[in-house]
Amino acid sequence: MRTRLLRFGLYADEEGLAWAGALVDGAVAARGARLVGRTVLRTLPGSGATTADLYDHLAEQWARENPGRSAGAREPVELRVRLVCSLRTWRAVRKAVLRDLCPRGTAPHVCRVPWCAA
């Protein structure tokens, strides 16, 4: 088993971040992986780049999908999750989280938390 990293760009407030974290927790537990760390970044280590620069398209997505609605405390962040698991399990966890972040598939809809897989 190796330590593996999952990365998700999110445009979320604290509630949205907690929701996304719960999705990760559920996927990890269901597949027998071991979660060894979770970090929410606003600046990327070693580069000085901000998540606001990297994930600005998520804020634009929110504005297009929610015209006239305030973004409130939402901000672009990167959720990093470290897991100890096999590559197969890592892929299964990642796939489950992506599916749960966007349960309606490819049909047009508004995401609860705009996201991208990094």
Here the qualifying pairs (Cβ atoms under 8 Å; residues six or more apart or on different chains; first in the range 3-19 and modelled with pLDDT of 95 or more and among the acidic types (Asp, Glu); second surrounded by 13 or more Cβ atoms within 10 Å (Cβ to Cβ) and assigned to a strand (DSSP E or B)) come out as ASP13/GLU75
Among helices (runs of 4 or more DSSP H) entirely within the range 41-117, at least 2 residues that are modelled with pLDDT of 90 or more and charged (D, E, K, R) occur in 56-65, 87-101
Given the conditions (1) surrounded by fewer than 16 Cβ atoms within 10 Å (Cβ to Cβ); (2) more than 12 Å from GLY9 (Cα to Cα); (3) of a type outside the set (Ser, Thr, Tyr); (4) in contact (Cβ under 8 Å) with a residue 24 or more places away in the chain, every one holds for ALA117 apart from (2)
Picking from ARG104, ARG88, ARG99, ARG82, the residue that is touching a strand residue (DSSP E or B) at 6+ places or on another chain (Cβ under 9 Å) and of a type outside the set (Phe, Trp, Tyr) would be ARG82
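The values are calculated or read from the model by the stated rules, or taken from the named source; none is laboratory data. Computed from a predicted model, the values in this text were never measured in an experiment. Note that we place each Cβ from the backbone using ideal geometry, even for glycine, and neighbour counts take in every protein chain shown.
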